[in-house]
Structures are given as structure tokens and as C-alpha cells.
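Below is one structure, written out as C-alpha cells; the observations come after it.
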Amino acid sequence: MSDRGVTWGLSATILAPAQDILAFAAYHLDAGAHRLYLYLDAPCPEAMAHLQAHPKVRVTLCDAAHWQKVNGGRPAKHQVRQTVNATHAYNRRAEVDWLIHMDVDEFLVSDRPVAAHLAGLPADVPILRVRPMEQLSGDGTVFKGFIPADGQRAAIVRTLYPRFGAHLKGGFLSHLAGKVFTRTGLDDVTVKIHNAFQDGVELKGADVVAGLDLAHCHAKSWDDWHAAYRYRLEKGAYRAELGPNKPRNQGGMSLHEVFAAIEAKDGTAGLRAFFDEVCADTPSLREKLEAKGLLRRINLDLNATLSTHFPNWRG
């Protein structure tokens, strides 16, 4: 099938400033998305008017009426809210051939039209997994690449991050699973944050397609990361319920435990030392990443795409 005949879209549950919401939307419209299903987790009237005016955007305010309709009430955990909304978007009348659930700090990066990757999949493949790369703190154009689980990952991570690498999954602070495109039109599908299920069984399909990545801007700067740190520790990517990076009998610790230990010993200075080794865009880390074939240079150019698709925005 020609990629011209394939359409794709995304869903996202978003709690962010107006400019971040519009930049995320504009970037993916520019990348070829045919439809965006955006669920605002809190009112954002500055963004709402612009989103409502765009013909390819379907925006929903997640107020009490929305949650009563789709779930019988508002879930307390934002992860559950994401799952409910992603499944709701999938089960709408299909307006695209493929749908992916993403976060507002994630951006699809492709070496060709995204539709071309999807068009090349066999008709019986229900999902395409897109693996992440994680942004380094600096000018925003440098990312660390995904390390395949081929038996060398742990050794590579220890080389890249000699002090803290033993406690990192794949060298990343956030997820390695990436996000999945799901072919629309399937029955009884539930979309979760990193997977999709049909009749309660996880869907399997294509994985790690060359030339299509998920740029994750998890730690834009020390101030940005530190401002989000406490929430992530209590409710997000570093929460206590998430497991260790390896079996505990091999010395595995969860990030929650790692950060608790760092804070107990060295406080904020310890957290900054961790950040500087793992997240900061330094010549030393660039050199080590490049030597391992893991340095990615990507200019998302969000200001340009924002002005193209929302020219009346005056943020």
C-alpha cells in the first residue's frame, strides 16, 4: 500500500502550559498526523481556542461530565486517566488507520513520512512499537539512543555512567518500552501507556523499525527536572511501586530507592551529581555516546512548527 493511502493519529492526556500543548500538537501535525485526539487534564483556555479551531484536532476537556461519561468518575491516578482516554480515543469512529498514545514531552522523529513506515507493515501486524531516545539537558538537540537488550546493554551503561549506571535501566531515567501504534478497527481493544491489549491479551507486532524513534524530552534542564522530581518520585516515573532495574539478588534497586539513598546521603547536591552524570549534555558524555553509536542529534524546531500551524498564537 502506498503511504499516501495510510493515515495516522495520536491521542494524549495533557497537563501542561498552553505553549507546550500547542507546540506538541503543531509538531505532529507537521509530521503528517491526520488527527489529534487531545484530552486536557485541566482547563487551559489559552490553548483550547486554538485547538478547537484546527480541523485536524479533536480536543476534550476532562471535566466531571467527561469522566462520568467515560469511566463513571475521575480516576485518581494520572496513569489510569491516560489509559481510559487512550482507549476512548481508539474506540471512537475510526478516522485514521493507525493510532498511537503519547505524552506531551514525546515527539516522533522519522527519516521519512511516518505513514511510509506504517504502510510497509503486513496487513496482519496489529501494532508497531516505537522505541525512545532520551534528551540530554543542554540546547535540546542532543539525545541518547536506545540500547538494545542484546547482552551488552548493562556493560555499555556502566561505561557511560560509571557512578550511577548500575542502577539505570538501559541508561534511561524514564521508560525503555516506548509507545505503540495500534491498527484501528480491532474489537475489544484496551490501550495502555506502553502497550495495547485485545480481549485482555497483549498485542504483538513489529518492533524497533529503523528510522522511526520517539524523542523523549524527560529532563530539559536541571531546573525543569528538579521541579518535576518530587512529583515523579511520589506519583510518576520514579514512584515506589515500580520495580528494580535487575533482580534484587543481583543488587537491583528501583529508581525510587536509588534517589532516596542519594538524598539521605548528600541531599540536593547528590541529586545534582546524579543529574550531571546521567542527563547533562557534556563533551565527555557526547564523546562516550558517539563511541558507542548512541549519539543522536535532533533539532525538533518546535517554534517553527508552532507558528506554522497556530499562526495566531501569541504566547
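Structural remarks
- Unique match (being under 23 Å from the mean Cα position of the chain (by Cα), surrounded by 16 or more Cβ atoms within 10 Å (Cβ to Cβ) and either modelled with pLDDT under 95 or in a helix (DSSP H, G or I) (or both)) among Ala16, Ala33, Ala47: Ala47
- Some residue of segment 91-103 being outside the structural domain of Gly145 (by TED's automatic domain parsing), under 25 Å from His218 (Cα atoms), crowded, with 19+ Cβ neighbours inside 10 Å and among the acidic types (Asp, Glu): yes
- Segment 166-180 - residue that is within 24 Å of Leu108 (Cα to Cα) and of a type in the set (A, V, I, L, M) and, of those, surrounded by the most Cβ atoms within 10 Å (Cβ to Cβ): Val180
- Residues that are in a helix (DSSP H, G or I) and either crowded, with 16+ Cβ neighbours inside 10 Å or not assigned by TED's automatic domain parsing to the domain that holds Asp20 (or both) were ranked within segment 50-69; the one that is nearest to the chain's Cα centre (by Cα) is Leu51.
- Neighbours by Cβ (under 8 Å, 6+ apart or cross-chain): first from segment 293-315, in contact (Cβ under 8 Å) with a residue 60 or more places away in the chain; second among the polar types (S, T, N, Q) and outside any loop (DSSP other than H, G, I, E, B): Leu306/Gln19; Trp313/Gln19; Trp313/Ser307; Gly315/Gln19
- Count of segment 121-156 residues, restricted to those that are in contact (Cβ under 8 Å) with a residue 60 or more places away in the chain, surrounded by fewer than 17 Cβ atoms within 10 Å (Cβ to Cβ) and within 27 Å of Val96 (Cβ to Cβ), is 1.
- Screening the candidates Arg163, Arg112 for the property of being touching a residue at least 60 places away in the same chain (Cβ under 8 Å), surrounded by fewer than 22 Cβ atoms within 10 Å (Cβ to Cβ), among the basic types (Lys, Arg) and not assigned by TED's automatic domain parsing to the domain that holds His34 yields one hit, Arg163.
The values are calculated or read from the model by the stated rules, or taken from the named source; none is laboratory data. Not measured: the values here are computed from a predicted model. Virtual Cβ from ideal backbone geometry, glycine too; neighbours counted across all protein chains shown.
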